[in-house]
Amino acid sequence: MRIQRIAVWAGVVMAACLVVPAYAADIAKIGVVDLQRVFTESESGKSVQARLQQRGNEMQAGLQELGAKIDEITEQLTKEAMVLSKEKREEKQRELDIKRYDFQSLQKKYQSEFRELEAKEVDKLQKDIFSLAEQIGKKEGYLLIIDKGAAIYYPKSIDLTDQLIEEYNKKGSASQ
């Protein structure tokens, strides 16, 4: 009987020792941010999208112009194929082949240039957003702020996206 009482009291004391630190610990404050929404809804994100769209349109116009020249040469070669001498026909075909090669080279160059520009702009935007999220986290005592894409479930009350967009827009308008 006495051993049972000692065992019960020892169990109660151990349980109390384990529970007390849990109550004394701070509550972990966690936040979630939808980075994609920040990219698309913030003023800086919209500005980056507009610059990329403008550059993409310029590149597209250059390719369309070269494509029109290729179509023109192809049409001219088709129409005049029967009346041109063999040398002239071969010369026109070489000119057409060169234009096609130029088109493909320009297309690859533009794709590469656009990817580099996009990566540079998105990287800068991402660094700014991460820096601002870190400032908010430190100021408001967050233990962790993660991207929405990494979270399977979270309550909407810990979503900091709107706050981050608002702060980012304020920061952007202050620096302009």
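The values are calculated or read from the model by the stated rules, or taken from the named source; none is laboratory data. Since the model is a prediction, treat every value here as computed from it, not as a measurement. All Cβ positions, even for glycine, are placed from backbone atoms using ideal geometry, and neighbour counts span all protein chains on display.
Considering (1) hydroxyl-bearing (Ser, Thr, Tyr); (2) assigned to a loop (DSSP other than H, G, I, E, B); (3) surrounded by 14 or more Cβ atoms within 10 Å (Cβ to Cβ), the lone condition that Thr74 does not fulfil carries the number (2).
When residues in the range 80-98 are screened for being surrounded by 15 or more Cβ atoms within 10 Å (Cβ to Cβ) and either among the hydrophobic types (A, V, I, L, M, F, W, C) or modelled with pLDDT of 90 or more (or both), 2 of them pass. Flag: Ile98 does not match the condition of being in contact (Cβ under 8 Å) with a residue 12 or more places away in the chain and either in a helix (DSSP H, G or I) or in contact with a strand residue (DSSP E or B) (Cβ under 9 Å, 6 or more places away or on another chain) (or both). One residue stands out among those in the range 109-130 that are farther than 17 Å from Val38 by Cα and aromatic (Phe, Trp, Tyr): the one that is surrounded by the fewest Cβ atoms within 10 Å (Cβ to Cβ), which is Phe114. Of Ala119, Ala68, all but one fail to be in a helix (DSSP H, G or I), over 30 Å from Tyr168 (Cβ atoms), free of Cβ contacts under 8 Å to residues at least 24 places away in the same chain and of a type in the set (A, V, I, L, M); the exception is Ala68. Residues of the range 134-147 that are surrounded by 15 or more Cβ atoms within 10 Å (Cβ to Cβ) and in a helix (DSSP H, G or I): Ile136, Gly137. Consider the range 68-79 and keep the residues that are touching a Lys or Arg at 6+ places or on another chain (Cβ under 9 Å) and not β-branched (Val, Ile, Thr). The one that is modelled with the highest pLDDT is Lys69.
Please tell me if Ile145 is in contact with a strand residue (DSSP E or B) (Cβ under 6 Å, 6 or more places away or on another chain), of a type in the set (Val, Ile, Thr), closer than 30 Å to Ile30 by Cβ and at pLDDT 90 or above. Judged against the criteria, Ile145 is a match. Looking only at residues in the range 155-176 that are at pLDDT 85 or above and outside any helix (DSSP H, G or I), the one that is surrounded by the fewest Cβ atoms within 10 Å (Cβ to Cβ) is Pro155.
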